[in-house]
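None of the figures in this text is laboratory data; all of them are computed from the coordinates on show. Every value quoted in this text rests on a predicted model; they were computed, and no experiment measured them. Quick reminder, even Gly has a Cβ in these numbers, built from the backbone with ideal geometry, and neighbours come from all protein chains shown.
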Amino acid sequence: MQFRRFLFSGLAALIAVGGAAVAQQAQPAAAAKVEVTQAWARATPGKSTIGAAYVTVTAPAGDKLIGASTPVAGKAQLHQHTMENGVMKMRQVDAVPLPAGQAVTLSPGGYHIMLMDLKAPLVAGQSFPLTLTFEKAGTVETKVMVGGVGASGPGGTMAPMDMGHMNMGSKG
Amino acid sequence: MSRANNFQIGGLVALAGLLLVGILLAGGLVWDRYQGASSTTKIGGPFELVDAQTGQTVTDQSYKGKWLLIYFGYTHCPDACPTALNDLSLALDKLGDKRREMAPLFITIDPDRDTADVMKDYAASFAPDIVGLTGSAEQITKAEKEFRVYAAKHPTKDGGYDMDHSSVIYVMDPAGHFVTNFTHETDPDQMAAKLMSLAS
């Protein structure tokens, strides 16, 4: 009797796990997949309640990044920086185009995911979850590593070496 | 002399008078233009602002004898301003003893949101010697004018606003004269090299 019950519950668990696995696979497999790597952000200075997150996204079949959300901020928006005659402009955009097979890197001076109404400061060395929404691929969650207050890349505080060509990114 | 003649002379005198007034006006305008043109090349001048860290009023005279490294930005700027301030701090790190001759200032162009309380600790997060300055709208506008800084609110969809603004670092000599400026194209090594060559 005991053994039978054990068997039953084991079977039930197996079915549940299998079902979940199928469900999980079904979502991204339905459309083109995207690969999200090198998610990073800068630590926030002082009492600042805004921040920016950067990621590298590759969509093998082409896609669009259309939104983002994170539990650490009240709002997350897609923004683009441009520099015209020495004047820096920041604009919210509806989407970041992801040409097929091309790695698109969001970085200072170009596109960024603006984090507004941060619930707590972003601290170097910590990480937070970020959910990205794609037009075709649906949602993808990634882990954002927080670098130094002036980090210029996913390497965290080491990145200053790269400043030469990162160049405060005015090419927007 | 006939009446008609008198009238003619009177007319001539009036015409000459008008001409003279015209010449004077035109000359005045040209002079004004000239003056205006020469003053547009001048960057920097007296300012009165508030040190966000201490709450004290400061002026350009407060930093007399030092090289002023001035960046105008705002704390709700997630990307360009931190990059500029970080580059400036990396450059300062390379100056050794000469760092003491520098007064790096971060002046907000968004006094509505960047109160002294909001600004406090912001600039120092990048380097302990960068001073955050705010002030009344009038004080900020005056400083922007003196430094030919462009700053304008750009409304966002959610009812807030971003700032469009000149993003350069001005280098003023200890006498308060503009010497050069660094842009987003200038990397910290180049900044440091220039500052080393300028400082005695």
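Remarks
- Whether the range B:49-100 is rounded, prolate or oblate, judged on the alpha carbon gyration tensor where a/c under 1.5 counts as rounded: oblate
- By definition, a body whose alpha carbon gyration tensor gives a ≥ b ≥ c is rounded when a/c is under 1.5, and the range A:32-169 falls into this rounded group.
- Per-residue mean of foreign Cβ neighbours for A:36-48 is 4 (Cβ atoms of other chains, 10 Å radius).
- In the range B:69-200, Cα pairs under 8 Å separated by at least six residues give a relative contact order of 30 percent.
- Summed side-chain charge close to residue B:151 - residues other than residue B:151 whose Cβ falls under 9 Å, Lys, Arg +1, Asp, Glu -1: -2
- Inter-label distance for residue A:92 and residue B:177, nm, one decimal - labels placed 7 Å from Cα along Cα-to-Cβ: 4.8
- Global form of the range B:48-198, assessed from the alpha-carbon gyration tensor, a/c cut-off 1.5: prolate
- Amide hydrogen neighbours beyond the local backbone of residue B:150, cut-off 5 Å, H modeled: B:166
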